[in-house]
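The values are calculated or read from the model by the stated rules, or taken from the named source; none is laboratory data. Note that the coordinates shown come from a computational prediction; the quantities given were computed from them, not determined experimentally. For neighbour counting, all protein chains shown are included, and Cβ atoms are generated from backbone atoms with ideal geometry for every residue, glycine included. Accessible surface areas use protein heavy atoms only, side chains included; no ligands, DNA or RNA. Shrake-Rupley method; radii C 1.70, N 1.55, O 1.52, S 1.80 Å.
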Amino acid sequence: MQTQFFAHINGESDPRISEAAEIIRSGGLVAFPTETVYGLGANALDPDAVKRIFAAKGRPADNPLIAHISEFEEIRRLVSALPPEAEALAKAFWPGPLTIILPAAPSVPKEVTAGLPTVGVRLPANDIALALIKASGVPIAAPSANSSGKPSPTTAMHVYDDMCGRIEAVLDGGRSGVGVESTIVSLAGGTPKLLRPGGISLEQLESLLGKVEVDKAVREKLGDNEKPLAPGMKYRHYAPKAPMTLVVGDPEKTIKRIMELAGPNDGVICFDEYFFRITETPYVRGFGHSSHPEEQAKRLFRILRSFDCLPVEQIYSQCPEEKGIGLAVANRLKKAAGFSIISVD
Ligand code: AMP
Ligand code: MG
């Protein structure tokens, strides 16, 4: 299959968005920009189209997709209950990087929910994404547009690298602003639960909902028999080809330990202020100042991908404090490292 690359989409009125919407309506796959990362979309109400997402990504069938909508009211056809907390979250954070898990309406195909009784819904803050969903006239089911296991794509070229020949089209809307995927919060029963940290912080959720539980899989490696509530959290993910180790703790101490550990064939990811201190290897990437986790989130996946073109044997990385969007950055780093973690404190 030839993958069409729609370069430099010029805002929501670009006529190529209607072409892409026609592809979605006829059962095809279109990758599109969002504020978090690029998504790989299909008509969420068409089971055969949704199945093709799993084939294109090599995604395990038990990992559900998020249904993307362009207006709040569209949530009503996807869910069987809409608690007031969901409306409050939507009012505060939509359009934006937040996915809300709710009981699914019977009409949502099991291919979208992976057979769960719940569905994840999100209204993204990206004009091209919103125009595509509107023009398609259907909710769009989409996971991130990477091959399963690889870091999520934050540019259209990353998508093209992974998906060329496997999908009908890529809409190029520039670099993703947030850089990590949406926050996932479950309102499907009991106390609200954070299933995946992302662009909306735990602190922001708590300011609105009061107590929010944090799923164990957010911070820790699960045992073989434990099941996370966001099935995506059980897979090694976001991973560069070379094995990776996180060094956590006070930044002055972690950078010293990394300098002891790293040899000339290893990669290093460090806070910007330490960039010039690393002379042990040429393969060093600064991912933002230690006090700026938003910047780290923005650069993280691009940096992880960049190591795949370098002859590195092992990657060592610093890790931000688990506050604000730092919780999401730390979570992605831990998963990229397969929970290989050295603590210096
Ligand atoms: P991605 O953004 O590529 O990671 O894919 C969507 C994510 O949303 C995956 O981690 C899924 O496990 C998660 N997800 C989607 N629907 C649900 C649901 N109903 N319950 C829990 N997690 C979900
Ligand atoms: Mg993904």
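Before I look further, what does the range 188-298 give for accessible area per residue, probe 1.4 Å, in whole square angstrom?
Values: 5520 Å² over 111 residues.
Result: 50 Å² of accessible area for each residue.
At 1.4 Å probe size, with the rest of the protein present, what percent of the exposed accessible area of the range 71-144 is carbon and sulfur atoms? All intermediate terms of the calculation are to be shown ahead of the outcome.
Working: 1610 of 2800 Å².
Roughly 57 percent, rounded to a whole number.
3J(HN,Hα) couplings calculated from phi for the range 3-16 with the Karplus curve 6.51 cos²θ - 1.76 cosθ + 1.60 (θ = phi - 60°) are, in sequence order, 8, 6, 10, 8, 6, 6, 4, 9, x, 5, 9, 4, x, 6 Hz; Gly and Pro show x.
Rounded to the nearest 5, what % of DSSP beta bridges with both residues in the chain are antiparallel?
Details: 17 of 43 bridges.
In the chain, DSSP labels about 40 percent of beta bridges as antiparallel.
Report note on the peptides 229-236, 313-320, 70-77: ranked by the mean count of other C-beta atoms within 10 Å, highest first, their order is 313-320, 229-236, 70-77. Around the amide H of Tyr316, modelled in the peptide plane, lie the amide H atoms of Thr245, Gly267, Val268, Ile269, all under 5 Å away and 5 or more residues distant in sequence or on another chain.
With the simple spin-label model, which puts each label point 7 Å out from Cα in the Cβ direction, the Cys164 to Thr191 separation comes to 4.9 nm.
The residues of the range 72-121 have, on average, 43 Å² of accessible surface per residue, using a 1.4 Å probe with all protein chains present. Within the same chain, lysines fewer than 8 places from Lys253 are excluded, and of the rest, those with a Cα less than 25 Å from its Cα are Lys221, Lys298, Lys323, Lys334, Lys335.
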